[in-house]
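Coordinate-derived values only; no laboratory data. Not measured: the values here are computed from a predicted model. Glycine also receives a Cβ, built like all others from the backbone with ideal geometry; neighbour counts cover every protein chain displayed.
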Amino acid sequence: MFVALASLIGVFATTPGQTVGVSAFIDPIASDLGLDRAHVLMLYSLGTFLGILTAPLIGRLVDRFGPRRLILPVVAAVAAACGVMSLTGDTWSLGLGFLFLRASAIAGLSLVTMQMVNLWFDRFRGRITALAMMGLALGGLVIPPLVEPIIQSDGWRTAYLVLAAGVLAIMLPVGLAFYRNRPEETGNARDFGRMRTGGAMPATGFTLAESVRTVAFWYFSFITVLSNGVGTALMLDHVRAMGEAGLARDSAIHLLGAMTSAQAIATLGSGALVDRLGARPVGLLGLGFLAFSVICLWTSPALGGGIAYAVTLGAMIGTLQIVYSAGLAESFGLKHLGSIRGTLFVIGVSGAAAGPLAFLWSPSTAYAIFLGFAAIAATLGFVGIRSGTNKT
């Protein structure tokens, strides 16, 4: 149980490097540094893409050394990245700050934490993954309202220093006390000792080269591209889109709470569904949420005061994150999961980097691209389900 709770806290601590944690800083940074908002978003996208390139290396390190040995270095890196962000003063330092922040939080702390979940749970993997991902929803509920008054009163640099101190204060004791490697190393059993009938999943499975030849790999690739790309793009564009729909900035910020609440509910529900039905069918539900959210934003952004779009966007993020996180171990096993997961991190966060760039053409073009990718992903999902196998 301590491992499960530690994973929730670990994912929560990635919030400063998640888009929902960065979104409140975009406009204050642009104003303070004298940059266009589009310029800051481009730097964020570039920093995201370059930062996530470290994920395959970190994945291999997790396969080799385990989460316990890596947790303290990645926690220190996240705190240091927040400190670097507070010192940025020009385009180059801002780009490097975004790179360091995204690399440490997403490629580092998030990957290490979720690998611990996969090592410790099989029968309950979906539900414990959901519990861990509640950390993202909790972060979305806590961090933006926490940093907004600090930004308004003391500035965004002070807010980043507060986040750095918070990450260290929370994660140093949690990492030292509760992060663990494989349960077998300490004489424990997976799934609280309640293994599946016939035993737990063996710690063997597909290599990276074998996995890329499967339908499942490309289905999950599209899933993670969409959840990262669409989620990042729409959240970064959230205040502007709601402003054009007639909502004030404070109302738009409050909608983030509705979004993350829906994300939390979807996270818990989809975790149970994944344990019962498997990851691939539940992924189709998440793609349905995505399509509805984008169509709603495209045609009726003010529907329900923005609630309709915000709630389905949160439901999409919560559902697809669980599908991706639990589905990889379900489809490919554990032995090389760090390498596979690291590679898919690069693919997925490339989506996060590219997603906002679609708005450089126009919002309508971006929405059309998102829906097209969702249709491809749904096709792969149906093909995989019909075949009943991973093979291409």
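Screening the chain for DSSP H helices whose Cα atoms reach 27 Å or more along their own axis and whose mean Kyte hydropathy is at least 1.0 gives 67-87, 156-178, 215-236, 279-299, 307-332, 363-387. Charge dipole of the chain (Cα centre as origin; +1 on each Lys and Arg Cβ, -1 on each Asp and Glu Cβ, all else neutral): 1340 debye, rounded to the nearest 20. Sorting the segments 80-93, 122-135 by their mean number of nearby beta carbons within 10 angstrom, highest to lowest, gives 122-135, 80-93. If R0 is taken as 35 Å, the Cβ-Cβ distance between Glu185 and Val212 corresponds to a FRET efficiency of 0.70. Between Ala169 and Leu57, the modelled labels are 3.2 nm apart [label points 7 Å from Cα along Cα→Cβ].
Does the range 14-96 come out rounded, prolate or oblate by the C-alpha gyration tensor, with a ≥ b ≥ c the root eigenvalues, rounded set by a/c under 1.5 and, if not, prolate when a/b is larger than b/c and oblate if not? Here the range 14-96 falls in the prolate category. Sparse packing (at most 15 other Cβ atoms within 10 Å of the Cβ) combined with a DSSP loop state is found for the following trypsin sites (Lys or Arg not before Pro) in the range 312-392: Lys335. Here's the picture: charge each Lys and Arg Cβ at +1 and each Asp and Glu Cβ at -1 in the range 1-146, and of Leu43, Phe98, Val142 the one pushed furthest to the positive end of that dipole is Val142. Under a Gaussian network description of the chain, with springs only between Cα atoms under 10 Å, the residue in Phe345, Phe121, Phe206 that fluctuates furthest is Phe206. Straightening the chain between Ser93 and Trp361 buys 93.8 nm, computed as 0.36 nm per residue apart minus the Cα-Cα spacing.
Classify the range 259-357 as rounded, prolate or oblate, taking a ≥ b ≥ c as the square roots of the eigenvalues of its Cα gyration tensor: rounded when a/c is under 1.5, otherwise prolate if a/b is larger than b/c and oblate if not.
Note, shape of the range 259-357 comes out oblate.
Springs join every pair of Cα atoms under 10 Å in this Gaussian network model of the chain, and among Gln321, Gln18, Gln152 the largest mean-square fluctuation is at Gln152.
By the gyration tensor of its Cα atoms, with a ≥ b ≥ c the square roots of the eigenvalues, what is the shape of the chain: rounded for a/c under 1.5, prolate for a/b over b/c, or oblate? It is oblate, given that a/c is not under 1.5 and a/b is not larger than b/c. Note: relative contact order over the chain, using C-alpha pairs below 8 Å and six or more positions apart, is 27 percent. Largest GNM mean-square fluctuation across Leu234, Leu33, Leu119, computed for the chain with C-alpha springs under 10 Å, falls on Leu33.
Summarising the amide proton neighbourhood of His336: residues at separation of 5 or more, or on other chains, whose placed amide H is nearer than 5 Å comprise Gly205.
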